[in-house]
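*Asks:* The structure follows.
Values in this text are rule-based calculations from the coordinates and carry no lab data. Given the structure is predicted, the values throughout are model-derived calculations rather than measurements. Please note: Cβ atoms are built from the backbone with ideal geometry, for glycine as well, and neighbour counts cover all protein chains shown.
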Amino acid sequence: MGTYIPHTKQDQIDMLTSISQTWDTLLSTIPSNVRLKRELNLPEGLSEFEVYHKMKAYASENVVFNTILRGAGAYDHYIPSVVRHLSAREEFVTAYTPYQSELSQGVLQSIFEFQSMMASLTGMDAANASVYDGATAAAEAIAMSYERGRRTILLSAALHPQTIEVIQTYTQELDVTIKMIDTVDGRTSIESMSKQLDESVCAVLISHPNYFGILEDVKGFRTAIIDSKVKYIVSVNPMTLGRLANPGSYGADIVVGEAQPFGLNLAFGGPYLGFMCTSDKYVRRLPGRIVGQTVDSQGKRAFTLTLQAREQHIRREKASSSICSNQAHCALTAAMYLGAIGPQGLKEVATQCANKAHALASKLESIGYTLTYKQPFFHEFVTTTPVNTALIEQTLADHSILSGLILDDHHMLWCVSETTSDDKLDEIVAILKEVHHG
Amino acid sequence: MNSVKEGYYYLSTHEWVKQESDTTFLVGISDFAQHALGDIVYVALPEVNDNVKQGERFCDVESVKAVSDVYSPVSGTITEINTSLEDSPELLNQDPYGVWIMKVEGSLDTSGLLDSAAYTLHLENEH
Amino acid sequence: MAKLIFELSSLGHQAVTFPPSHLPSVSFDEFENQGNIDLPEIAEIDLVRHYIGLSKMAHGVDTGFYPLGSCTMKYNPKLNEDVASLEGFAKIHPLQPLWSVQGNLKAMRHLQDALSEICGMDEFTLQPAAGAHGEFTGMLIIAAYHRQNNDLKRTKVIVPDAAHGTNPASAVMAGFDVVTVKSNACGGVDLDELRSLVDENTAALMLTNPNTLGLFDPNIKAIADLVHEAGGLLYYDGANLNAIMGLSRPGDMGFDVVHLNLHKTFSTPHGGGGPGSGPVGVKTHLIPYLPKGSYLKDLPTLESAPSLSIGRMRSFHGNFLTTMRALTYILFNGKGLKDVSMNAVLNANYMMHQLSDVYTVAYPQTCMHEFVLTLEKEKDQYNVSAKDLSKAMLDHNMHPPTMYFPQIVHEALMIEPNETESKATLDEAISLLKQLHQTMIDDPSYLQNAPYTTPVLRVDDVLAARVPILKYHKE
């Protein structure tokens, strides 16, 4: 059995003696009526070797697919070696929130760089140091938008279903009304939004691309939201900004999203990386940690946690959010990823994702699948399938390919990334053709 | 330290009100308040045309490590806010009795307020 | 001072490239990005040196002693990291078919059962992403429970004045009004005041035990009974569970809901501020309210929700890799988790005892895993603050204790040594703190101007907040 306690028995005895205590007196502040009078019903501890193999046995019971055609909020991208190695540096991994600026400039600067990259990518004035994930980022953006007398939010029905659920959960005990904006042929309807815009509305939230991979009329929404008290919130997959116009350019007030595509493992759903960007006007409404640039006593550039009076440890029950962590290590990893691939690399990844997805879509069309929606899309799309989707999933799985996500018996949401080669796409279609005709 | 200005009325929560004309009043925070907060970094100003009520919160003031609600010593409608505080919140530290936060059109009920002598006594008793 | 990554950029550099693809190009017309993407362009070696440079300006548990009270900066075993990077965990899509993730489900069940045993609870959800997220989850569960019982007047949550700031903030996010209960002279909940606050409007009491002063509340049973008799529920903030594993269990104390911080008690790394993981445990009567996305008995899929679920707290199933690190730690320690807690208590009492001839302990009595010093006297006498003393520690490769928390102690320094520190390390820290105390008397200005050897000297926080610069601007 292993232990991470460095004391020898003799150390313990010496220490107890020097403070005139015994184990019994030391623990006597726990009253006997709540003292556990037995050992924990857990096995004895194990050696490192045994633990590793036990955990590896669990891991081995999962299926690691060679090819992944499933996205829906979690995206398979190549993670460069340099990112994996640098992010494992122990000084980053084992540090806490950088409360002591002078000792934590490395962590602070890495977060400042992350904020700068996200603000730049989204075309916004500022970003926070990150939140739990994309869905909670959307819920926190909603909480930023409330105004006196305005507590109605309009959500696109084409948001990720889990994002809608999280917003429902976050607002359920508050005096907030959620109204849905209908979709027409997979695209969020501006007309449906406009009909519901009234003086109670404080925010409109759409996703671009949306859950079905479809590009929304992001400029049209901006034009249609006339009332300056309504915040226009856009959720984006930041990888797509390698090709798509940034939300700042079309007038978004708050931009949120999931930055897992930037160098983070699929990891069965977490940890991921929610990001939030906004204009100067709303910076003080951002939740969570924010790093700012300042100077030290010698006038040298320095970084520090700032605008802390927004936060729970100062504002307590008046804080708009209780969040007190950020996904610092994930943010560090994402910044390393962007540093490693650079602007050209990001453009390349986005372009390959889009090209490959469109190629797969047309190949599937050639074997009897139809595109369910006739709309522009990025790297995800929905098909109506000629055979049962469960059969498609099973058949591709036999070839170590994770199919698109089953939406129902005859609809599947596909996603293609740069990790799937051109040739692989032909192979996939060949396999599916067999199912179809088999 | 902790000067008290004569001719002003105070709330026990350290705000002051000064009568400008029959129905116009200026509102700010006391020297004690700015000392207690330390370096003020931000003032979340209220909006013009908002109604305020005596004893009710109308804005908050932030320092690096604290945030404090500011209560109105007067009832009425806000006619002006001191927008210079948006860029220079430190003015409240520099000249607490010269720098006002808001101008209110309304009426003053001094029965719920402390005059400078009473406020001085309040500071001595409380702190 | 290190350059910013943007200042290293020079046109045309790119560390990592991608295999070519020869498919037809898609054009996005009016959606297309017309401008430049403003990201740094850097060669791989320069990227590496940049981040290694930054890592040298960071302080982790692996760098030096980190007695940051309440944050539990214990050693983060390397084994955890190896496990978390296993392909069979790291490369699994969260929406894979259930038959292909059986190992994950078994591991999650294993962890949930172990946490239930350690805490004396009946079931756990691994969904919440961090401690504060767990608190919010727990508060929503409590709100839903009272509503289900048609007990709609319970709008009040009682929180001690020494509580973490997240407690009141989480309660408000769940729609409650917060009422503060004072601490008594011994640092525990003031029973008389609690009695006067608890009534038919009480939804819950949120409590950390041992509390934020590092003290085990001797009246915990009476407190629990008081709240339960009034029809309220008890919420346990598990921030300090690391002091009591195998010694006492929140479930046995009477708590109905608990959250844990896996990044504290169960040794998962803090990563510079996250990711954490905040599993929530409940007694049987609250299982139906657990969030969607939890892995619960009798639910057909991971996407199902129990009958009265509060809904989904975040996407997918929680910070899965973090939970696997915690399971690794639990397997490694097994029953020995009790030794972990006992040694955490030993180290704290040892340090407190050794320091108490020089420093003032805020509540001088046997503590659990941490204790709080007050520098109120020193502040008056020498004009040296808790912050000044902390800054002076930075020159000695030692992270300072938590400053100014809990807020009920003036000039507080909260010290949590953790069980993974050796006697030699503790002795070194004790000796440094005593030496700095002497300096305080001899030459207070030395502390007032510290630190001297860090990459930057005393940082101007006021300027940062008055004139926020939150992103890089090209010169």
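*Asks:* From the helices alone, meaning DSSP H stretches of at least four residues, give me the mean residue ellipticity at 222 nm for chain C, per-run term -39500 (n - 2.57), in deg cm²/dmol to the nearest 500. Don't skip to the end; give the middle numbers.
*Replies:* On the way: 16 runs with 168 residues, N = 475.
Computed mean residue ellipticity for chain C: -10500 deg cm²/dmol.
*Asks:* Within 10 Å, count the other beta carbons around each residue, average over each peptide in A:329-337, A:317-325, and list them highest first. Kindly include the intermediate steps, with their values, before the conclusion.
*Replies:* On the way: A:329-337: 28.9, A:317-325: 24.4.
My ranking of the peptides, most packed first, is A:329-337, A:317-325.
*Asks:* Oh, and also: Could you list which residues have their amide H under 5 Å from that of B:Ser75, counting only those 5 or more apart in sequence or on another chain, with H placed in the peptide plane?
*Replies:* B:Gln54, B:Ser107, B:Asp109
*Asks:* Can you give the FRET efficiency to the nearest 0.05 for B:Glu80 and A:Asp280, using r as the Cβ-Cβ distance and R₀ = 25 Å? Let's see the in-between values first.
*Replies:* Details: r = 23 Å, r/R0 = 0.93.
Here the calculated transfer efficiency is 0.60.
*Asks:* Cut-off is 10 Å between beta-carbons; in what order do C:His164, A:His77, C:His259, C:His228 appear when sorted fewest neighbours first?
*Replies:* Details: C:His164 26, A:His77 21, C:His259 30, C:His228 15.
Fewest-to-most Cβ neighbours within 10 Å comes out as C:His228, A:His77, C:His164, C:His259.
*Asks:* Dipole magnitude of segment C:80-335 about its Cα centre, charges +1 at Lys/Arg Cβ and -1 at Asp/Glu Cβ only, in debye to the nearest 20? Intermediate values should be presented prior to the final figure.
*Replies:* Details: 19 positive and 24 negative charges, 128 e Å.
The dipole of segment C:80-335 has a size of about 620 debye.
*Asks:* Greater than 24 Å separation of Cα atoms is the criterion. Which listed pairs, A:Lys424/C:Lys91; B:Lys18/B:Lys53; A:Lys347/C:Lys78; A:Lys356/C:Lys471; C:Lys182/C:Lys423; C:Lys74/C:Lys338, meet it?
*Replies:* Numbers: A:Lys424/C:Lys91 19 Å; B:Lys18/B:Lys53 16 Å; A:Lys347/C:Lys78 36 Å; A:Lys356/C:Lys471 34 Å; C:Lys182/C:Lys423 36 Å; C:Lys74/C:Lys338 15 Å.
Correct reply: A:Lys347/C:Lys78; A:Lys356/C:Lys471; C:Lys182/C:Lys423.
*Asks:* So what's the gap between the Cα centers of segment C:12-43 and segment A:292-333, to the nearest angstrom?
*Replies:* Using only Cα atoms to place each centre, the spacing works out to 33 Å.
*Asks:* Taking R0 as 45 Å, what's the FRET efficiency between C:Glu193 and C:Asp395 from their Cβ-Cβ distance, rounded to 0.05? Can you show the working numbers first?
*Replies:* Values: r = 43 Å, r/R0 = 0.96.
With R0 = 45 Å, the Cβ-Cβ based efficiency is 0.55.
*Asks:* Something else now. Once you place label points 7 Å from the Cα toward the Cβ at A:Arg38 and A:Lys433, how far apart are they in nm?
*Replies:* Distance between label points: 6.5 nm.
*Asks:* Order C:435-443, A:52-60 from most to least packed using the mean count of other Cβ atoms within 10 Å. Display every interim value, and only then the final one.
*Replies:* Details: C:435-443: 14.9, A:52-60: 17.7.
Result, highest mean first: A:52-60, C:435-443.
*Asks:* Let me ask something additional. Which value in nm describes the separation of the simple spin-label points at A:Tyr78 and B:Ser3, placed 7 Å from the Cα toward the beta carbon?
*Replies:* Those two pseudo-labels are separated by 7.0 nm.
*Asks:* What is the distance in Å between the Cα centres of segment A:1-44 and segment C:75-117?
*Replies:* So the separation of the two Cα centres works out to 31 Å.
*Asks:* Ok, one more. Under the classification rounded if a/c is under 1.5, otherwise prolate if a/b is larger than b/c and oblate if not, where does chain A fall, given a ≥ b ≥ c as square roots of the Cα gyration tensor eigenvalues?
*Replies:* On the way: a/c = 1.84, a/b = 1.30, b/c = 1.42.
Oblate is the answer for chain A, as a/c is 1.5 or above yet b/c matches or exceeds a/b.
*Asks:* Also, quick follow-up: Near A:Lys195, which lysines are there with a Cα under 22 Å away, not counting those fewer than 8 places off in the same chain?
*Replies:* A:Lys179, A:Lys219, A:Lys229, A:Lys231
*Asks:* Would you kindly derive the ³J(HN,Hα) couplings of segment A:411-421 from the backbone phi angles with the Karplus curve 6.51 cos²θ - 1.76 cosθ + 1.60 (θ = phi - 60°), listing them in order in whole Hz, with x for Gly and Pro?
*Replies:* With the stated coefficients, segment A:411-421 comes to 10, 9, 9, 9, 8, 10, 10, 5, 6, 9, 6 Hz.
*Asks:* Here's a follow-up. Subtract the Cα-Cα distance of C:Asp225 and C:Arg109 from 0.36 nm times their separation in residues, and report this length gain in nm to one decimal.
*Replies:* Extra length from C:Asp225 to C:Arg109 when fully extended: 38.6 nm.
*Asks:* Among C:Thr265, A:Thr351, A:Thr169, rank each residue by its count of other Cβ atoms within 10 Å, from fewest to most, as a rough exposure measure. Walk me through the numbers before you get to the answer.
*Replies:* Details: C:Thr265 28, A:Thr351 19, A:Thr169 23.
So the ranking, lowest neighbour count to highest, is A:Thr351, A:Thr169, C:Thr265.
*Asks:* Please go through segment A:11-46 and write out the trypsin sites (Lys or Arg not before Pro) that DSSP classes as loop and that have at most 13 other C-beta atoms within 10 Å.
*Replies:* On the way: sites: A:Arg35, A:Lys37, A:Arg38; in loops: A:Lys37, A:Arg38.
Those satisfying the criteria are A:Lys37, A:Arg38.
*Asks:* Also: Hey, if you put +1 on the Cβ of every Lys and Arg and -1 on every Asp and Glu Cβ in segment A:61-115, which of A:Asn62, A:Ser81, A:Thr94 ends up farthest toward the positive end of that dipole?
*Replies:* Towards the positive end, the residue furthest out is A:Asn62.
*Asks:* Same structure again: What whole-number distance in Å separates the alpha-carbon centres of segment C:301-336 and segment C:461-475?
*Replies:* 39
*Asks:* Using amide H atoms built 1.01 Å from N in the peptide plane, name the residues 5+ places from C:Leu213, or on other chains, whose amide H lies under 5 Å from its own.
*Replies:* Counting only residues 5 or more places away or on other chains, the set is empty.
*Asks:* How crowded by other chains is A:158-165, given as the mean number of beta carbons from other chains within 10 Å of each beta carbon? Intermediate results must be reported in sequence, preceding the final value.
*Replies:* Details: counts 0, 0, 1, 3, 9, 3, 1, 9.
Across the residues of A:158-165, the mean count of other-chain Cβ atoms within 10 Å is 3.
*Asks:* While we're here: Among the trypsin sites (Lys or Arg not before Pro) within segment A:135-232, which fall in a DSSP loop and have no more than 15 other Cβ atoms within 10 Å of their own Cβ?
*Replies:* Here the sparse-neighbourhood loop sites are A:Arg148, A:Lys229.
*Asks:* A further question on this structure: Counting other beta carbons within 10 Å of each residue's own, what order do A:Met180, C:Met393, C:Met368 fall into, fewest first? Don't skip to the end; give the middle numbers.
*Replies:* Working: A:Met180 16, C:Met393 24, C:Met368 27.
By the 10 Å Cβ count, ascending, the order reads A:Met180, C:Met393, C:Met368.
*Asks:* Helix check for chain C. Which DSSP H runs span at least 24 Å along their own axis by Cα, with a mean Kyte-Doolittle hydropathy no less than 0.0? Please list the in-between numbers first.
*Replies:* Values: long enough: C:102-119 (25 Å, -0.36); C:131-148 (25 Å, 0.10); C:337-355 (27 Å, 0.13); C:423-442 (28 Å, -0.05).
Qualifying helices: C:131-148, C:337-355.
*Asks:* Take every residue in peptide A:78-91, count the Cβ atoms of other chains within 10 Å of its Cβ, and give the average of those counts.
*Replies:* On the way: counts 3, 3, 6, 2, 7, 4, 1, 2, 7, 2, 2, 8, 10, 12.
Mean number of neighbouring Cβ atoms from other chains: 5.
*Asks:* Convert each backbone phi in segment A:259-264 into a coupling constant with the Karplus relation 6.51 cos²θ - 1.76 cosθ + 1.60 (shift: θ = phi - 60°), then list the ³J(HN,Hα) values in order as whole Hz, x for Gly and Pro.
*Replies:* Along segment A:259-264, the couplings run 9, 4, x, 8, x, 9 Hz.
*Asks:* Can you tell me what share of the DSSP beta bridges in the protein assembly as shown is antiparallel? A percent to the nearest 5 is fine. Let's see the in-between values first.
*Replies:* Details: 77 of 115 bridges.
The antiparallel proportion sits near 65 percent.
*Asks:* Something else about it: What residues have an amide H closer than 5 Å to that of A:Glu61, excluding those fewer than 5 places away on the same chain, when H is modeled at 1.01 Å from N in the peptide plane?
*Replies:* For A:Glu61, the qualifying residues are C:Gly103.
*Asks:* If you don't mind, there's one more thing I want to ask. Step through the residues of segment A:334-342 one at a time and calculate ³J(HN,Hα) from phi using the Karplus curve (6.51 cos²θ - 1.76 cosθ + 1.60, θ = phi - 60°), rounding each to whole Hz and writing x for Gly and Pro.
*Replies:* Karplus values, whole Hz, x for Gly and Pro: 5, 5, 4, 4, 5, x, 6, 9, x.
*Asks:* Mind giving me the FRET efficiency for B:Asp22 and B:Asn125? R0 is 30 Å, r the Cβ-Cβ distance, nearest 0.05 is fine.
*Replies:* Values: r = 33 Å, r/R0 = 1.11.
That pair, B:Asp22 with B:Asn125, gives E of 0.35.
*Asks:* Moving to a separate point now. Counting partner chain Cβ atoms within 10 Å of every residue's Cβ in C:112-119, what's the average? Let's see the in-between values first.
*Replies:* Values: counts 0, 2, 4, 0, 0, 3, 4, 0.
What the average comes to for C:112-119 is 2.
*Asks:* Once label points are set 7 Å from the Cα along Cα→Cβ at both A:Ser20 and B:Asp109, what is their separation, rounded to one decimal in nm?
*Replies:* 6.1
*Asks:* Rank-order C:48-60, B:40-52, B:83-95 by packing density, defined as the average count of other C-beta atoms within 10 Å over each peptide's residues, highest first. Show your work: numbers first, answer last.
*Replies:* Working: C:48-60: 20.6, B:40-52: 17.9, B:83-95: 15.2.
Averaged packing, sorted descending, gives the order C:48-60, B:40-52, B:83-95.
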